[in-house]
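Engineer: Here it is, the structure, as structure tokens.
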Amino acid sequence: MSEVLRLAGIEKTYNRGKPNALTVLDGASITLNAGEVVALVAPSGAGKSTLLHIAGLLDDADAGEVAIGGTVFTGASDRKRTAARRADVGFVYQFHHLLPEFSAIENVMLPQLADGVADGAARERAMTLLERVGVASRAENRPAALSGGEQQRVAFCRALANAPRLLLADEPTGNLDPATSDTVFGALMALVRETGMSALIATHNPELAARMDRTVRLEGGLLV
Ligand SMILES: Nc1ncnc2c1ncn2[C@@H]1O[C@H](COP(=O)(O)OP(=O)(O)OP(=O)(O)O)[C@@H](O)[C@H]1O
């Protein structure tokens with residue numbers, strides 16, 4: 001099976017060499033194969049966000065190897081990392097981070113336009129994604145006019161707009177009430193399964209974790 005993400009022996013210490021140095025990752029390793037959806041569980045402050053940022057080439061590890069689609073990015077130039085991030089990785093955060101001055105559909109079109117997709121094609125793909133998660137009727141509204149669950153669904157569509165092979169999500173429904181979280185998470189999982197992408201999804205919710213293929217726990221800087 002083809003490998004989509006490999007983290008090998010990742011180490012990260014904040015404030016390295018200072019009295020307040022804090023080692024967050026101390027040899028964390030994981031491999032995600034194509035189509036695999038993995039729950040990342042950890043106590044607050046254990047380093048989930050740090051790990052996801054390193055996996056998504058947003059932050060550098062002190063040691064260890066990050067490979068996406070079999071290409072190793074350790075020591076790669078910023079240009080190469082940015083290109084890989086744009087082409088291969090979709091991010092979803094606890095808060096949607098949609099651009100407030102653009103409509104829902106424009107938010108989903110923007111990453112495609114930045115990638116050189118023509119306006120018409122970008123609009124069509126955005127609409128298809130919004131339909132799949134049940135928010136097509138709100139496409140022309142700005143984020144402020146949408147409910148929290150709707151905003152988060154639009155954020156999922158934006159993360160998947162460029163058909164990345166890897167989705168990294170940090171408590172993607174952590175901001176929603178339990179019932180909404182359950183439905184909105186279902187919409188995300190349906191999209192992920194349909195596209196066959198791999199995903200690493202941080203969650204505190206054991207019920208959501210149980211809906212993924214397996215769970216890894218971040219403990220003492222290691223993934224177990
Ligand atoms: N830039 C930074 N400089 C110094 N310390 C940091 C920095 N970023 C994070 N930390 C610390 O590293 C630890 C891990 O942070 P991180 O955000 O990765 O945890 P987390 O598991 O995502 O937490 P939560 O579930 O609460 O969001 C925390 O103790 C945090 O205070």
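Engineer: Tell me which aspartates and glutamates have Cα within less than 18 Å of residue 80's Cα, excluding those fewer than 8 residues away on the same chain?
Structural biologist: Counting by Cα, and skipping residues close in sequence, residue 80 has these aspartates and glutamates nearby: 59, 60, 65, 88, 115.
Engineer: Based on alpha-carbon positions alone, could you give the equivalent ellipsoid semi-axes of region 94-152 from the gyration tensor, as √(5λ), descending, whole Å?
Structural biologist: 18, 13, 9
Engineer: To continue, here is another question. Please identify, among 50, 173, 13, the residue showing maximal mean-square fluctuation in a Gaussian network model of the chain using a 10 angstrom Cα cutoff.
Structural biologist: In the Gaussian network model the winner is 13.
Engineer: Return the aspartates and glutamates within reach of residue 18: Cα separation strictly under 16 angstrom, same-chain partners fewer than 8 residues apart disregarded; answer none if there are no such residues.
Structural biologist: 62
Engineer: Oh, and also: For every other residue with a beta carbon closer than 13 angstrom to the beta carbon of residue 104, add +1 if it is Lys or Arg and -1 if Asp or Glu, then tell me the sum.
Structural biologist: Surrounding charge for residue 104 is 0.
Engineer: Work through the residues other than residue 52 whose Cβ is under 13 Å from its Cβ and net out their charges, Lys, Arg +1 and Asp, Glu -1.
Structural biologist: Net of charged neighbours comes to 0.
Engineer: Another question, if that's okay. I'd like to know which of 63, 221, 105 lies farthest towards the positive end of the charge dipole of the chain, counting +1 on Cβ of Lys and Arg and -1 on Cβ of Asp and Glu.
Structural biologist: 63
Engineer: With only Lys, Arg, Asp and Glu charged, each at its Cβ (+1 for the first two, -1 for the last two), find how big the charge dipole of the chain is about the Cα centre; round to the nearest 20 debye. Mind dumping the intermediate values first?
Structural biologist: Details: 22 positive and 26 negative charges, 49 e Å.
The calculated dipole for the chain is roughly 240 debye.
Engineer: Also: Under a crude label model (7 Å from the Cα following the beta-carbon direction), how far is residue 207 from residue 128 in nanometres?
Structural biologist: Inter-label distance under the simple model: 3.3 nm.
Engineer: Moving on to the next point. Mind telling me which of 116, 186, 64 comes out most flexible in a GNM of the chain, alpha-carbon contacts under 10 Å?
Structural biologist: In this elastic network of the chain, the residue with the biggest mean-square fluctuation among 116, 186, 64 is 116.
Engineer: Sequence neighbours fewer than 8 away in the same chain don't count; with that in mind, list the lysines whose C-alpha is under 17 Å from residue 48.
Structural biologist: 12
Engineer: Report the net charge of residues surrounding residue 43, where surrounding means a beta-carbon distance below 10 angstrom and charges are Lys +1, Arg +1, Asp -1, Glu -1.
Structural biologist: With Lys, Arg at +1 and Asp, Glu at -1, the neighbours total +1.
Engineer: How big is region 80-224 in terms of Cα radius of gyration and Dmax, in angstroms?
Structural biologist: Looking at region 80-224, its Cα Rg and Dmax stand at 15.0, 49 Å.
Engineer: In the Gaussian network model of the chain, springs joining C-alpha atoms below 10 Å, which of 202, 114, 84 carries the largest mean-square fluctuation?
Structural biologist: 114
Engineer: Give me the extension gain from residue 2 to residue 180: residue separation times 0.36 nm, minus the current Cα-Cα distance, reported in nm with one decimal. Walk me through the intermediate numbers first.
Structural biologist: Details: separation 178, 0.36 × 178 = 64.08 nm, distance 3.40 nm.
Extra length available between residue 2 and residue 180 comes to 60.7 nm.
All of the numbers you see were taken from the coordinates with simple rules; none came from a lab. The shown structure was predicted, so the numbers you read here are calculated from the model rather than taken from an experiment. With ideal geometry, Cβ positions are generated from the backbone for all residues, glycine too; neighbour counts draw on all protein chains shown.
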